[in-house]
1. Yes or no: the stretch 104-115 includes at least one residue that is within 16 Å of the ligand (Cβ to nearest atom), part of a loop (DSSP other than H, G, I, E, B), in contact (Cβ under 8 Å) with a residue 24 or more places away in the chain and of a type outside the set (Asp, Glu).
2. Name the pairs whose Cβ atoms lie under 6 Å apart, with the first residue in the stretch 228-240 and over 19 Å from Ala164 (Cβ atoms), the second within 16 Å of the ligand (Cβ to nearest atom), and 6 or more positions between them or separate chains?
3. Go through the stretch 261-285 and report how many residues are open to solvent by 40 Å² or more (accessible area, probe 1.4 Å) and in contact (Cβ under 8 Å) with a residue 12 or more places away in the chain.
4. For the stretch 134-168, which positions are buried (at least 22 other Cβ atoms within 10 Å of the Cβ) and closer than 15 Å to Ala120 by Cβ?
5. What is the residue count in the stretch 221-258 for residues that are more than 16 Å from the ligand (Cβ to nearest atom), surrounded by 24 or more Cβ atoms within 10 Å (Cβ to Cβ) and among the β-branched types (Val, Ile, Thr)?
6. Scanning the stretch 69-82 for residues that are open to solvent by 40 Å² or more (accessible area, probe 1.4 Å) and more than 14 Å from the ligand (Cβ to nearest atom), which turns out farthest from Ser57 (Cα to Cα)?
7. If you go through the stretch 83-98 one residue at a time, how many are within 12 Å of the ligand (Cβ to nearest atom) and open to solvent by less than 20 Å² (accessible area, probe 1.4 Å)?
8. Residues that are aliphatic (A, V, I, L, M), more than 16 Å from the ligand (Cβ to nearest atom), touching a Cys at 6+ places or on another chain (Cβ under 8 Å) and not in a loop (DSSP other than H, G, I, E, B): does the stretch 176-184 have at least one?
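The values are calculated or read from the model by the stated rules, or taken from the named source; none is laboratory data. As the structure is a prediction and not an experimental result, all values here were calculated from the model. Here the Cβ positions follow ideal geometry from the backbone for every residue, glycine too, while neighbour counts run over all protein chains shown. Only protein heavy atoms, including side chains, enter the accessible area calculation; ligands, DNA and RNA are left aside. Shrake-Rupley method; radii C 1.70, N 1.55, O 1.52, S 1.80 Å.
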Amino acid sequence: MSDTRRPRVWITGPVVEAALADLRAIADVTVRQIPETASLDEMRAGAVGMSAIIPISGGRVDGSVMDAAGPGLKVVANFGVGYDNIDVAAATARRIPVTNTPDVLVEATADAAFGLLIAAGRRFGEGQTAMLENRWQWAQGLLWGQEVFGSTLGILGLGRIGAAVARRAQGFGMRVLYHSRNRKPEAEVSLRAEYCSFEELIRQSDFLSLHCALRPETRHILNAAALAMMKPTAVVVNTGRGGLIEQSALIEAVRNKQIAGAGLDVTDPEPPSPDDPILHTPGIFVIPHLGSASVAARQGMTRLSAGNALAVLTGRSPLTCVNPEVLS
Ligand code: DGY
């Protein structure tokens, strides 16, 4: 039987159970054991009476979900570093802290970005399709891709993940260019990363990896006009958010050989429908948002999101708050 004095926590998808022990010691924790992202209706229904919500895989928490939870909602502890699924302004207006999970997924996501860079550049997806269709492709000109070693990597958004990708690029002898909201003088030295304008970045990159947050001003930052400026041999990599790219323009650009290809961990929408052309365009290699899907990263994300909820529910400051103004 649940104790009405204990806080109630709702986790909207399966997580690493062992990392919940401390939270379970002080709260009644309900885990929705369904891997698919909860719909907004489910989010509203599940939120009722909760003191903390831990949204998994982009479960949306807007003002209506917060209101459904009621006045006892003390924290929204996102399971992910990106928090575009949460209406932070609505939370701030209600003085509810919102937290995220930075750091713990940096290396896993950078590995995924680099894996996509190689897989898309060297056309592994088309190669696997050929093998499955019994078409051996070892012949002059067949499945020739772009060489990674010694090429130019463009990084859009040199935050923690972008910097980790730049570190990997050093081992591949790559020249690293970057564009970010703010210049990073230290990274320019330690990563030998050269700052340039957005336009220079997309014009000069052999591989362009997107690592900026999805905000109104970055939605479709890689649109038809930007894609038109890229090299015909260029490859786009996206482990950020699908909305950073104007997806129909990317499909056209690859189909028309305006660019060579793309490696995507994220799409718009997610999940794509089975007949979405993003899944059926040769040269576009897509994986299902696996960036943080390493054992270590997912354990770390569970610990950190649960730790954030635990901190707030026991009267302490959360560890990684994205709207700290509500704490004062
Ligand atoms: C994040 O942390 O934002 C990732 O997209 C979750 O996998």
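1. Within the stretch 104-115, one or more residues are within 16 Å of the ligand (Cβ to nearest atom), part of a loop (DSSP other than H, G, I, E, B), in contact (Cβ under 8 Å) with a residue 24 or more places away in the chain and of a type outside the set (Asp, Glu).
2. Here the result reads none, with nothing in the stretch 228-240 linked to a residue that is within 16 Å of the ligand (Cβ to nearest atom).
3. Here is the first cut: in the stretch 261-285, the residues open to solvent by 40 Å² or more (accessible area, probe 1.4 Å) are 268-271, 273-275, 277, 279-280, 282, 285.
Still in the list and also in contact (Cβ under 8 Å) with a residue 12 or more places away in the chain: 268-271, 277, 282, 285.
Residues that pass the stated criteria total 7.
4. Those that are buried (at least 22 other Cβ atoms within 10 Å of the Cβ) and closer than 15 Å to Ala120 by Cβ: Leu153, Gly154, Val165.
5. Result for the stretch 221-258: 2.
6. In the first step, residues of the stretch 69-82 are kept if they are open to solvent by 40 Å² or more (accessible area, probe 1.4 Å); the result is 71, 74, 81.
Filter once more, keeping what is more than 14 Å from the ligand (Cβ to nearest atom): 71, 74.
On the way: Pro71: 25, Lys74: 21 Å.
Within the stretch 69-82, the match that is farthest from Ser57 (Cα to Cα) is Pro71.
7. Of the residues in the stretch 83-98, the ones within 12 Å of the ligand (Cβ to nearest atom) are 83-86.
If we keep only those that are open to solvent by less than 20 Å² (accessible area, probe 1.4 Å) too, we end up with 85-86.
Selection size over the stretch 83-98: 2.
8. Within the stretch 176-184, the subset aliphatic (A, V, I, L, M) is 176-177.
From what is left, the residues that are more than 16 Å from the ligand (Cβ to nearest atom) are 176-177.
Subset that is touching a Cys at 6+ places or on another chain (Cβ under 8 Å): 177.
This time we only want the ones that are not in a loop (DSSP other than H, G, I, E, B), so: 177.
For the stretch 176-184, residues aliphatic (A, V, I, L, M), more than 16 Å from the ligand (Cβ to nearest atom), touching a Cys at 6+ places or on another chain (Cβ under 8 Å) and not in a loop (DSSP other than H, G, I, E, B): present.
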